[in-house]
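Taking it in order: structure first as structure tokens, then the write-up.
The values are calculated or read from the model by the stated rules, or taken from the named source; none is laboratory data. The model shown is predicted, which means the values in this text are computed figures rather than measured ones. Using ideal geometry, Cβ is built from the backbone for each residue, glycine included, and neighbour counts are taken over all protein chains shown. Surface accessibility is based on the protein's heavy atoms, side chains included, excluding ligands, DNA and RNA. Shrake-Rupley method; radii C 1.70, N 1.55, O 1.52, S 1.80 Å.
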Amino acid sequence: MNKLSFREKYSYGIGALGKDLAYAIVSSYLMIYFTDAIGLNPAFVGVLFLVARMWDAFNDPMMGMVVDNTRSKWGKFRPWILIGTVVNAAVVVFLFKKPNLEGNALYVYYSVMYILWGMTYTIMDIPYWSMIPSLSSDKEEREKISVIPRIFASCAWLIMGAFGLSIVNKLGNGDQTKGYGAFAVVIALIFVVTSIITVVNVKDGSSEKVDLN
């Protein structure tokens, strides 16, 4: 497999739009949401973010091993892209939803949600980028393919940076907690739809090598 069609290339690339919107809302606004909207202690939030990054150092290689050892009629990448997207989208919604909890229970809830967010994002992010070498055996073609998702990813960050707070205020009618929650739902839906487009329209090379008998 050397050449991908226009549809396949952009179906792959658009997956980065949804996943980077999901990443950008967390990276850009979660700390503000935690401290300003929810009222969590800033020192606690800083420690939580540090612990999550330390856990990622172990979590990412483990997911790479799982993907590498996956065998299915859908290949080794697409099943995890879909599974990771659906689960991570749900976690994003709960991450920006204020539960009916107070005190230590509230801190535990958001700690669990944030760690889960990092783990479930890895489930789809690792196979998404690892999929590129299997899309074409031609190096030049792979380089062209890799540019497209980066363009979509840049668009996601541009949208979030330029319009994120305006969208939050619009959706919440001045209530930031409500606005962030509604925005997270919109992002989650976009995330799922764009990943489905990728999974349905892009066939990676590993799926051709599976003996279904």
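Identify, by number, the condition in (1) among the β-branched types (Val, Ile, Thr); (2) touching an Asp or Glu at 6+ places or on another chain (Cβ under 8 Å); (3) open to solvent by less than 20 Å² (accessible area, probe 1.4 Å) that Ile126 doesn't meet.
All conditions are met except number (3).
Looking for something surrounded by 12 or more Cβ atoms within 10 Å (Cβ to Cβ), under 19 Å from Leu116 (Cβ atoms) and among the aromatic types (Phe, Trp, Tyr) - is there at least one such residue anywhere in the range 10-26?
yes
Let's see how each residue does on (1) farther than 28 Å from Lys97 by Cβ; (2) open to solvent by less than 70 Å² (accessible area, probe 1.4 Å); (3) modelled with pLDDT of 95 or more:
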site	(1), (2), (3)
Leu40	no, yes, yes
Val47	no, no, yes
Arg53	no, no, no
Asn59	no, yes, no
Val66	yes, yes, no
Arg71	yes, no, no
Gly84	no, yes, yes
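Kindly establish whether Phe152 is closer than 29 Å to Lys3 by Cα, part of a helix (DSSP H, G or I) and at pLDDT 95 or above.
Here the answer is yes, as Phe152 does meet what is asked.
Taking the stated definitions as given, is Val92 crowded, with 18+ Cβ neighbours inside 10 Å, modelled with pLDDT under 95 and out of contact with any strand residue (DSSP E or B) (no Cβ under 7 Å at 6 or more places or on another chain)?
no
So that you can scan it fast, the table gives a plain yes or no per residue for (1) crowded, with 18+ Cβ neighbours inside 10 Å; (2) hydroxyl-bearing (Ser, Thr, Tyr); (3) touching a Phe, Trp or Tyr at 6+ places or on another chain (Cβ under 9 Å):
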site: Leu135; (1), (2), (3): yes, no, yes
site: Asp138; (1), (2), (3): no, no, no
site: Arg142; (1), (2), (3): no, no, no
site: Pro149; (1), (2), (3): yes, no, yes
site: Ser154; (1), (2), (3): no, yes, no
site: Gly161; (1), (2), (3): no, no, no
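Whether any residue in the range 73-81 is small (Gly, Ala, Ser) and either open to solvent by 30 Å² or more (accessible area, probe 1.4 Å) or modelled with pLDDT of 95 or more (or both) is what I want to check.
No, the range 73-81 contains no residue that is small (Gly, Ala, Ser) and either open to solvent by 30 Å² or more (accessible area, probe 1.4 Å) or modelled with pLDDT of 95 or more (or both).
Let me spell it out: the conditions are (1) touching a residue at least 12 places away in the same chain (Cβ under 8 Å); (2) closer than 21 Å to Pro133 by Cα; (3) of a type in the set (A, V, I, L, M), and Val87 meets all of them except one. Which number is the exception?
Every listed condition holds for Val87 apart from (2).
Would you mind finding the one in Leu189, Leu116 that is within 24 Å of Trp80 (Cα to Cα), touching a residue at least 60 places away in the same chain (Cβ under 8 Å) and not charged (D, E, K, R)?
Sole residue among the options that is within 24 Å of Trp80 (Cα to Cα), touching a residue at least 60 places away in the same chain (Cβ under 8 Å) and not charged (D, E, K, R): Leu189.
Name every residue in the range 124-149 that is modelled with pLDDT of 90 or more and either within 17 Å of Met63 (Cα to Cα) or outside any helix (DSSP H, G or I) (or both), in order of residue number.
Scanning the range 124-149 gives Met124, Asp125, Ile126, Pro127, Tyr128, Trp129, Ser130, Met131, Ile132.
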